[in-house]
1. Residue by residue through the range A:129-144, what is 3J(HN,Hα) from phi via Karplus (6.51 cos²θ - 1.76 cosθ + 1.60, θ = phi - 60°)? Round to whole Hz and write x for glycine and proline.
2. Over every pair of different alpha-carbon atoms in the range B:13-52, take the mean of 1/r and invert it; report that Kirkwood radius in Å.
3. For B:Glu67, which sequence-distant residues (separation of 5 or more, or a different chain) have an amide H within less than 5 Å of its own amide H, given hydrogens modelled in the peptide plane?
4. Would you order B:Asp117, A:Asp30, A:Asp287 from fewest to most other beta-carbon atoms within 10 Å of each residue's own beta-carbon?
5. Take the Cβ-Cβ distance between A:Ser333 and A:Gln280 as r, set R0 to 35 Å, and report the resulting FRET efficiency rounded to the nearest 0.05.
6. So if I place +1 on the C-beta of Lys and Arg and -1 on the C-beta of Asp and Glu, and nothing else carries charge, what would the dipole magnitude of the range A:265-412 be about its Cα centre? I want it in debye, nearest 20.
7. Quote the FRET efficiency, to the nearest 0.05, computed for B:Val3 versus A:Asn42 with a Förster distance R0 of 30 Å and r equal to the Cβ-Cβ distance.
8. Counting DSSP beta bridges in the range A:6-257, what percent are antiparallel, to the nearest 5?
Amino acid sequence: MMAGTLSERILGSAEGTYVDRMVDRAFAHDGTGAQALVAFENFRIPGKSVVNPEKLSIIYDHISPANNSVTADLQGDLRKFSRENGMHFHEVGCGICHQIMSEGVCLPGEIVVGADSHSCTLGALGAFSTGVGATDMAGIWATGGTWFRVPESISIVLSGKLSGHAEPKDVALSYIKALGMDGGTYKALEFIGDGAAGIPVEGRLTLSNMAVETGAKTGLFYADALTREHLITYGADEKTISLQKPEDCSYESEIHLDLDDIEPLLAVPPRVDNAVPVTQYSGTPIDQVFVGTCTNGRFEDLKRFADIVRGKKVAVRTIVTPASKDAYAKALSTGVLSDILEAGCVICPPGCGPCLGAHMGVLGEGEVGLSTANRNFRNRMGVGAEYYLCSPSTAAVSALYGEIRSPIELEGGTNR
Amino acid sequence: MIVSGHAVVIGEDVDTDMIIAGRYLRTTNRSIWVEHAFEDYDKSIAGRLNGSVLVAGKNIGCGSSREQAAAALKEAGVRAVVAPSFARIFFRNCVNLGLYVFEADVVCENGVIVSFDTDDSYVKTSTAVYQAKPLSNRMKEILSAGGLNAYLSRQGEP
């Protein structure tokens, strides 16, 4: 393999160049997939058919199960199309597209395109994975490939080890704060250093997931023994997994973060890069807590949440949405879900839940929410509402108090 | 071809949720997107979009990949989007729908006439000329075809 950044190596060309590439995998969900279907049907390409359907997935997660008959009709058309054309179809209840693709499907070194902005999530596995819109996806269905601009790369050099109550989500909010909401625009992020190597794959998925919140095209980790172990656990064939090592390459800029210095953070609405220590907002009353999404809906996230609420009662309505059926099943069999249920939370089917403000927990006018999601944009999760972003542990402690509280405060014995 | 339109000026980091809110996405009736464009950002904008050039601050179209954001602008009669930087998915979506995009730091008031040459990479107001970052040849071809649909159709021709 040539030297260079991981993006250059996977795309096989120098940064700044434009390349045409066939994709190894492409996926769309019920929302973008329905739009892609409209675009695909409007293509006036002679002899048009779906190319390489075995590489294409349709995953129902956004408004899943359907909330009304308009949605149901759109989903019905796409379901039929997907099955007729031999694409992989994942029915309602399977979970979030990025999570499904991370569970032994997507492999290191692949070129992956998803019709969803958080498709950068799969960079955590060493795949060049990025998001596109619906027409681009329809173009991939019709041709099997698309064009890319090989991005310049920014390295996020992580040292040390997470300690205390800091979690991967707090690392994500830290680098987003450092880069700003457009600091990564058109670029790829590469998470490197001893600190990166020490973060388990589920945490890497959280870090890569939020790369797009800086405008980045993807957020990459080099595939290592942990990546291999993760993929094998989910049933991937060991022979298909090749590991990656950093080579000589030049980064456009570098950000250094010492994981030992990271503390629980809160992204204050309406900006994701407006991250401050949770303690600054301690005592802020909240109306709802939401735990889930492609950022923090994995089993490990649910477990962290359950470990704090176990045997106690939440003081505010709390919605917990596992990221996938697998995460749900694991939480069920380990007793994590019953702990969450007994604490007074609502458990929703796997999917995006209320993250995009469509259903299952939309906030009302004037309400304040706390969420483990990735965007706190104005009106996104409810018109006239605002909500803060945090880690599952911060969400858990805050749910118990009914107000924003840092997990740090739990140690003081003030927990009730 | 020279195209011009009146400027509709918006701020920085305007995300796609602001361009078209999630509650309006699930429909096949595109006029709904036109009607509710920018509803959560500034209700006065939707009525001014027809025949306009959207002059945005940096990082326009960040957030969700929803193509309905670009489609709403196109459907509403926006002729081009001009901004110092674009979120990349929104940028690609505009190109794919045949909506001209110019990466340039244009400073002007609402209503000022902004013009551009579809074959070139500059944007003009009555008082200044701004050089935009050049588009790749592929993007130019897609735009001049009128979008990815027409471009791919052409590719398929013998």
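What follows draws every value from the coordinates through simple rules; no lab data is involved. The shown structure was predicted, so the numbers you read here are calculated from the model rather than taken from an experiment. Note that each Cβ is placed from the backbone with ideal geometry, even for glycine, and that neighbours are counted across all protein chains shown.
1. Per-residue couplings from phi come out as 10, 9, x, 9, x, 5, 5, 4, 5, 4, x, 5, 4, 7, 10, x Hz.
2. On the way: mean 1/r = 0.0964 Å⁻¹.
This gives a value of 10.4 Å.
3. A:Ala134
4. Going from sparsest to densest Cβ surroundings: B:Asp117, A:Asp287, A:Asp30.
5. Details: r = 39 Å, r/R0 = 1.10.
E between A:Ser333 and A:Gln280, to the nearest 0.05, is 0.35.
6. Numbers: 14 positive and 14 negative charges, 55 e Å.
Value, rounded to 20: 260 debye.
7. 0.80
8. In the range A:6-257, approximately 15 percent of DSSP beta bridges are antiparallel ones.
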